[in-house]
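One structure below.
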Amino acid sequence: MQNNSNLKKINADIVIAGTGVAGMYAALSLPKDKNIIMITKSTAEESDSFLAQGGICMLKNDNDYDSYYEDTMRAGHYENNPEAVDIMIRSSRDVINDLVGYGVRFEKENGEFAYTKEGAHSTSRILFHEDITGKEITSHLLTAVKELDNVTIIENFTMVDIIEENNECFGIIGYGKDGKYIDIQADFTVFATGGI
């Protein structure tokens, strides 16, 4: 890597690594007065989120909570963070409402959401759009993000390191198609880069 003094520097309030569903939803949820830079290793339309075929879970009603919680914990071999699972389940309807507000079209029957069953779920609680749910969600979120004046998307950018001092992250270092390194300094860094 090049010497830090030779790096081109960009400043932002927040840098988000990743332009899939998690990165886009984060950008849409953050304050609009913050300068946000999003980076992606290819183009924003080529994230793995676009390729996802399955659906997204939602708590259908209060009676579904215990089953949903147990299914999720069992699928994670009970190594999941129980508080995070609880938050995910309880916020699922709000997230779905947000997605619908951005134009996502989940399948419906008689005007109500149609649910399917998949994976470790013991009952039908999965919302879907044909067999291209990822593309349906991601494309609508990307359209909404592109309308934000406070967000800049840098494509074809490879992140190689974080900027760190005293165990605190202050941004990222990476390079674009030209191979020149860029130091993106930010008060907050969001890693929305997919599963490990």
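The values are calculated or read from the model by the stated rules, or taken from the named source; none is laboratory data. Quantities reported herein were computed from a predicted structural model and do not represent experimental measurements. Don't worry about glycine lacking a Cβ; one is built from the backbone with ideal geometry, like all the others, and counts go over all protein chains shown. For the accessible areas, the whole protein counts, side chains as well, though only heavy atoms, and no ligand, DNA or RNA atoms are used. Shrake-Rupley method; radii C 1.70, N 1.55, O 1.52, S 1.80 Å.
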Rounded to whole angstroms and listed largest first, the alpha-carbon spread of the range 129-178 along its three principal axes comes to 47, 26, 26
Kirkwood Rh, the range 8-53, all Cα pairs: how many Å?
11.4
What is the spread of the Cα atoms of the chain along each of their three principal axes, largest first, in whole Å?
59, 34, 28
Which one of 122, 29, 106 has its Cα pushed farthest toward the positive end of the charge dipole of the range 1-132, where Lys and Arg give +1 and Asp and Glu give -1 at the Cβ?
29
Whole-number D in µm²/s for the range 94-142 (Stokes-Einstein; Kirkwood sum over Cα pairs; 4 °C, 1.567 mPa s):
113
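Between residue 97 and residue 74, take the C-beta separation as r, use R0 = 30 Å, and let me know the FRET efficiency to the nearest 0.05.
That pair, residue 97 with residue 74, gives E of 0.65.
Keeping the other protein chains in place, figure out the carbon and sulfur percent of the accessible area of the chain, with a 1.4 Å probe. Please list the in-between numbers first.
Working: 5400 of 11390 Å².
Answer for the chain: carbon and sulfur cover 47 percent of the accessible area.
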What lysines sit close enough to residue 41 to cross-link, taking a C-alpha to C-alpha distance under 25 Å and skipping anything fewer than 8 places away on the same chain?
8, 9, 32, 135, 146, 177, 180
Rounded to whole Å², per residue accessible area for the chain with a 1.4 Å probe reads 58
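Please state the relative contact order of the chain as a whole percent: Cα pairs under 8 Å, 6+ residues apart?
36
Per residue, what volume in Å³ does the convex hull of the Cα atoms of the range 91-196 enclose?
Details: hull volume 18.8 nm³, N = 106.
Dividing the Cα hull volume of the range 91-196 by its residue count gives 177 Å³.
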